[in-house]
């Protein structure tokens with residue numbers, strides 16, 4: 001799973017994070033390092049779609065929060081991936 | 001490295017920079033940026049530049065300007081055309097009993113229309129086009145039927161219009177016969193031919209009806225010196241309009257997948 005928007009949503013699923021924190025978190029849980037351009041491309045798209053929103057802060061580092069719609073989208077994606085993985089695992093067993 | 005990436009970040013659209021610039025710079029300060037991040041930021045800037053509404057507007061304007069320039073250049077490549085014209089006067093055989101201005105005009109107009117219908121009929125024009133000494137529309141005849149060429153000649157190139165209602169002679173009406181063509185000698189020759197056909201037709205109608213009108217040539221077909229100037233501004237405006245339209249259409253199509261993506265995802 002290397003879709004940057006899903007990785008960002010997955011990162012925000014357990015709490016608000018700013019860009020650098022997301023980058024570190026994603027590298028930790030997915031072993032994928034998102035470049036700054038890719039990360040902010042994903043953040044821009046997610047915010048446009050209303051799946052994340054900025055949290056008020058005085059800091060230069062802007063934290064983001066996943067919205068209800070974003071969480072719903074992430075759940076759908078996870079369910080879909082889970083289905084695919086289960087089928088793939090079953091087929092591997094029978095191969 | 002940080003300096004290079006900071007410079008690359010300035011390639012993002014100004015509106016994007018205004019919204020995300022400060023936090024993006026904070027991320028660059030925090031992250032241990034590498035060479036490959038430079039390529040990543042350049043790619044990100046390119047994507048943002050090509051997917052913002054402002055860039056679409058710019059693209060549409062650029063397409064409009066490009067098309068306007070092309071249309072303007074194209075208008076200079078259009079071959080010159082020359083218009084030859086002659087003026088004729090038609091008047092009743094005997095002066096009208098009613099001396100009020102305009103009396104008898106309808107009769108003359110009707111006679112003119114009748115002559116015009118015969119002279120500019122498809123068969124008559126086909127024979128004119130094919131006359132060996134004229135041999136008109138050679139290029140067009142290669143790609144169009146002769147009937148279509150005759151139709152084009154009638155609707156676009158030959159013009160017959162009234163030349164002021166009054167001609168100094170009571171009850172008379174003057175009209176202009178004009179024809180435009182890339183060869184000015186042929187243009188004049190066609191107008192001469194049309195003048196001759198009007199004279200013949202007037203005689204035929206006079207014999208049929210028992211009383212003919214008088215048809216006089218006031219100005220014989222001239223040899224045009226200067227070509228008709230093509231409307232460069234018209235071409236340019238049309239090009240601009242078409243370019244803007246095409247640009248907007250192209251950008252709307254380009255933008256569409258992004259609008260539809262959330263719905264398709266939700267449907268999964």
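Could you check segment B:209-268 and list, in sequence order, the residues that are within 14 Å of chain A (Cβ to nearest Cβ) and either assigned to a helix (DSSP H, G or I) or at pLDDT 80 or above (or both)?
B:255, B:257, B:258, B:259, B:260, B:261, B:262, B:263, B:264, B:265, B:266, B:267 - these are the residues of segment B:209-268 that are within 14 Å of chain A (Cβ to nearest Cβ) and either assigned to a helix (DSSP H, G or I) or at pLDDT 80 or above (or both).
Please go through segment B:17-40 and give me each residue that is more than 7 Å from chain A (Cβ to nearest Cβ), assigned to a helix (DSSP H, G or I) and more than 10 Å from residue A:35 (Cβ to Cβ), ordered by number.
Passing the criteria: B:17, B:18, B:19, B:21, B:25, B:29, B:35.
Against the conditions (1) assigned to a helix (DSSP H, G or I); (2) in contact with a strand residue (DSSP E or B) (Cβ under 9 Å, 6 or more places away or on another chain), where does residue A:65 fall short? Just the number, please.
Single failed check for residue A:65: (1).
For residue B:58, all conditions in the list (1) modelled with pLDDT of 85 or more; (2) more than 7 Å from chain A (Cβ to nearest Cβ) hold save one; what is the number of the exception?
Single failed check for residue B:58: (1).
Would you point out the residue of segment B:4-15, among those that are outside any loop (DSSP other than H, G, I, E, B) and more than 12 Å from residue B:41 (Cβ to Cβ), that is nearest to the other protein chains (Cβ to nearest Cβ)?
B:15
In the list A:6, A:81, which residue meets the criterion of being in contact with a helix residue (DSSP H, G or I) (Cβ under 7 Å, 6 or more places away or on another chain), part of a helix (DSSP H, G or I) and either without any contact (Cβ under 8 Å) to a residue 12 or more places away in the chain or more than 9 Å from chain B (Cβ to nearest Cβ) (or both)?
Values: A:81 fails: in contact with a helix residue (DSSP H, G or I) (Cβ under 7 Å, 6 or more places away or on another chain).
After applying the criteria, what remains is A:6.
For every residue, the table says whether it meets (1) facing chain B (nearest Cβ under 9 Å); (2) in contact with a helix residue (DSSP H, G or I) (Cβ under 7 Å, 6 or more places away or on another chain); (3) loosely packed, with under 15 Cβ neighbours inside 10 Å; (4) closer than 18 Å to residue B:22 by Cα.
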{"residue": "A:27", "(1), (2), (3), (4)": "no, no, yes, no"}
{"residue": "A:38", "(1), (2), (3), (4)": "yes, yes, no, yes"}
{"residue": "A:61", "(1), (2), (3), (4)": "yes, yes, no, yes"}
{"residue": "A:67", "(1), (2), (3), (4)": "no, no, no, no"}
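The values are calculated or read from the model by the stated rules, or taken from the named source; none is laboratory data. Just so it is clear, the structure is predicted and the values come from calculations on it, not from any experiment. Here Cβ is always computed from backbone atoms with ideal geometry, including for glycine, and neighbour counts include all displayed protein chains.
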